[in-house]
């Protein structure tokens with residue numbers, strides 16, 4: 001029997017921890033189980049043909065918001081070309097509406113609901129005759145064809161006809177959550193994950209009850225044994241993987257657990273791997289902060305879900321976030337400059353109108369995180385938000401990702417305006433490529449939100465908003481925008497954009513706004529002759545001659561001052577070149 005665990009990831013660099021965990025837990029059947037990973041950027045027909053060539057007897061899909069549309073297409077078509085295959089679905093996008101999924105897609109045999117490791121193993125036992133009836137397997141919802149209720153035929157239809165409806169859907173009880181220490185470590189062969197982001201969990205469940213999140217449903221918070229965790233993290237450190245993302249919903253909800261792991265990472269760091277954590281900033285205590293401040297720049301990065309700073313909104317969505325404390329913590333970490341901080345906001349929450357969201361945005365923007373994600377509410381089936389959609393006047397998309405369209409407080413016209421702000425924040429702020437120019441522009445608007453709002457209008461007014469622009473074009477557009485709104489300072493914007501440009505790359509073709517080279521050949525030759533002899537500014541370059549030094553750096557003159565851009569020494573948080581004033 002051949003079993004295919006299928007994951008359709010958002011990007012090639014992603015890996016799917018779930019399917020690897022299922023295979024590892026069912027190790028007794030490892031010789032029969034194959035993993036196939038694809039991406040949403042691939043053609044559906046290409047994925048379909050590849051699955052067909054693998055010819056599985058059992059086909060399992062890991063279902064999430066970002067891939068469910070592709071999976072729906074695949075399960076409809078795959079049964080036509082592999083009529084005998086058993087199709088099973090699992091994951092958060094199908095666990096909480098399993099009956100509806102099976103009624104909509106008769107091609108599917110069943111749904112594994114909730115945690116899948118033990119369920120998947122028992123499902124394979126059933127297909128091998130070790131378990132007689134699917135009713136004996138907890139954690140599944142399945143289709144029982146009335147023609148053969150006690151065999152494998154009750155979860156398949158070898159020649160499905162659209163009009164056939166002679167089946168019952170059976171919902172077995174969900175199984176109790178498992179001991180997290182029983183989940184095998186899936187990264188024994190790191191070669192399979194070369195050039196991939198590694199996902200790792202040291203806990204499952206969440207202590208909080210945020211109304212928009214499915215994690216709040218699982219209140220049984222469990223932790224993996226720290227001896228196991230340290231042993232497994234050492235594998236990543238030794239392999240020098242670029243990044244490990246902890247999928248723990250609130251990593252620092254247990255102080256001792258977080259301290260043990262962070263201390264281990266700090267003590268065993270080899271200077272190569274970055275570890276990503278989702279945390280509640282207002283829970284970080286003095287001991288944790290001191291440890292974080294002592295870490296190598298880039299060792300860890302923190303994702304902090306603020307979501308809103310409106311007290312009524314925070315209360316209504318069942319959060320306990322204290323923004324004054326979040327502000328204090330984020331500013332303290334930012335001041336040290338060794339940790340990348342990613343702060344999140346959600347538009348479309350209860351009691352948050354356009355003006356309120358603008359205030360939330362400005363509150364978070366004032367903290368100057370390395371990334372500010374402006375997201376939109378996803379109305380997830382099974383969540384409290386979904387159950388109270390009528391109460392909130394919540395309209396949302398019928399298709400994934402079920403994103404908010406309007407609420408009692410936020411009409412669709414305002415959603416559109418916020419979409420424009422979101423795009424500008426993503427392009428200009430989160431790229432980290434326009435730091436000096438944005439800082440200058442902010443001085444000429446009433447607040448940061450108004451800057452991005454007006455920039456979005458500028459894009460739309462000039463029909464720039466539906467086009468893909470090169471990086472250089474983004475600089476040129478920002479220059480034209482700046483001149484239109486603050487023409488008196490045109491020269492300043494030329495200078496700031498030029499600095500922003502060369503902080504990222506030693507571009508060979510200067511854009512129009514930068515003008516001609518500001519450092520002549522003779523002046524540059526004189527500088528590099530001297531630097532090759534004395535090494536006054538470029539430490540660690542002693543083995544390079546003057547021609548090599550010139551290729552590895554850039555000289556620019558701004559307001560009569562000579563600036564040296566060192567591309568071999570970049571800021572690990574921003575990836576900007578080191579800027580040296582000569």
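Pairs are defined by a Cβ separation below 7 Å, a sequence spacing of at least 6 or placement on different chains, a first member in the stretch 90-105 that is in contact (Cβ under 8 Å) with a residue 60 or more places away in the chain and on the phi > 0 side of the Ramachandran plot, and a second member that is crowded, with 21+ Cβ neighbours inside 10 Å and outside any helix (DSSP H, G or I); the pairs so defined are 91/62; 91/63. Would you check if there is a residue in the stretch 202-214 being assigned to a helix (DSSP H, G or I) and either in contact (Cβ under 8 Å) with a residue 40 or more places away in the chain or not assigned by TED's automatic domain parsing to the domain that holds residue 573 (or both)? Looking through the stretch 202-214, at least one residue is assigned to a helix (DSSP H, G or I) and either in contact (Cβ under 8 Å) with a residue 40 or more places away in the chain or not assigned by TED's automatic domain parsing to the domain that holds residue 573 (or both). Looking at the structure I just gave you, is residue 18 touching a residue at least 24 places away in the same chain (Cβ under 8 Å) and in the same structural domain as residue 69 (by TED's automatic domain parsing)? Taking the combined requirement at face value, the residue satisfies it. When the criteria are applied in full, residue 266 fails the requirement of being farther than 23 Å from residue 375 by Cβ, crowded, with 20+ Cβ neighbours inside 10 Å and assigned by TED's automatic domain parsing to the domain that holds residue 369.
Of all residues in the stretch 529-553, those being within 18 Å of residue 570 (Cα to Cα) and either at pLDDT 95 or above or not in a loop (DSSP other than H, G, I, E, B) (or both) number 6. Select from the stretch 513-528 the residues that are without any contact (Cβ under 8 Å) to a residue 24 or more places away in the chain and assigned to a loop (DSSP other than H, G, I, E, B) and write down the one among them that is surrounded by the fewest Cβ atoms within 10 Å (Cβ to Cβ). Applying the filter and picking the extreme gives 516. Taking the numbered list (1) in contact with a helix residue (DSSP H, G or I) (Cβ under 9 Å, 6 or more places away or on another chain); (2) surrounded by 13 or more Cβ atoms within 10 Å (Cβ to Cβ); (3) farther than 24 Å from residue 479 by Cβ in turn, residue 545 passes all entries but (2).
Inspection of the stretch 546-567 identifies at least one residue that is more than 21 Å from residue 435 (Cβ to Cβ) and under 36 Å from the mean Cα position of the chain (by Cα). Scanning the stretch 336-366 for residues that are surrounded by fewer than 17 Cβ atoms within 10 Å (Cβ to Cβ), over 25 Å from residue 403 (Cα atoms) and touching a helix residue (DSSP H, G or I) at 6+ places or on another chain (Cβ under 9 Å) gives 336, 366. Are any residues in the stretch 377-416 buried (at least 18 other Cβ atoms within 10 Å of the Cβ) and under 30 Å from residue 493 (Cα atoms), and if so, which ones? Result: no residue meets the conditions. Among residues of the stretch 352-367 that are under 16 Å from residue 451 (Cβ atoms), none has a Cβ under 6 angstrom from a residue that is at pLDDT below 95 and outside any helix (DSSP H, G or I) at a sequence gap of 6+ or on a separate chain. Just one of the listed residues (13, 40) is without any contact (Cβ under 8 Å) to a residue 60 or more places away in the chain and under 21 Å from residue 245 (Cβ atoms), and it is 40. Within the bounds of the stretch 302-317, is there any residue that is at pLDDT 95 or above, touching a strand residue (DSSP E or B) at 6+ places or on another chain (Cβ under 6 Å) and closer than 23 Å to residue 445 by Cβ? Yes, the stretch 302-317 contains at least one residue that is at pLDDT 95 or above, touching a strand residue (DSSP E or B) at 6+ places or on another chain (Cβ under 6 Å) and closer than 23 Å to residue 445 by Cβ.
The values are calculated or read from the model by the stated rules, or taken from the named source; none is laboratory data. Source: prediction; values computed, not measured. Positions of Cβ are backbone-derived with ideal geometry, glycine not excepted, and every protein chain shown enters the neighbour counts.
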